Amino acid sequence: MGKEGAGGKALMEPTARTYAKEKSGGQIALLSAAEQIGLPADMAKTLVFQTVLGSTLFAGKSDKSLAELRRMVTSPGGTTAEALARFEKGNFTGLVYEAVLAAYNKSKALGS
């Protein structure tokens, strides 16, 4: 029997083709993933936006470092730890750094 997501919908295994289609459709990865696991689009949008907003507001008001806040919400073997391990495996930090550097360099070039 196949894997099921929210609401009992069958899950599709993500592929490079799936991600390319999503990218060309203008969807962001987090929303796409939430919908792919079976959440209705409106619920996915609300949960994604509230998660990002809540995290940002909480971090902005805290005197703790982002690394410390991350440790506080990451249970060993839990869902956040699993997601962070996948980010690390895919070099997410390196990709973010490269993207910021590329935007900065492009900005400098456009300003010349």
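Can you tell me how the stretch 51-112 classifies by the Cα gyration tensor, rounded, prolate or oblate, using a/c under 1.5 as the rounded cut? Taking the square roots of the gyration eigenvalues as a ≥ b ≥ c, the stretch 51-112 is oblate.
For the stretch 38-74, trypsin sites (Lys or Arg not before Pro) meeting the loop criterion (DSSP other than H, G, I, E, B) and having at most 14 other Cβ atoms within 10 Å: 64. Taking packing as the residue-averaged number of other Cβ atoms within 10 angstrom, the listed peptides 29-42, 88-101 run from highest to lowest as 29-42, 88-101.
The numbers here are math on the coordinates, done by the rules we state, and not lab data. Everything numeric in this text was worked out from a predicted model, so none of it was measured. Note that we place each Cβ from the backbone using ideal geometry, even for glycine, and neighbour counts take in every protein chain shown.
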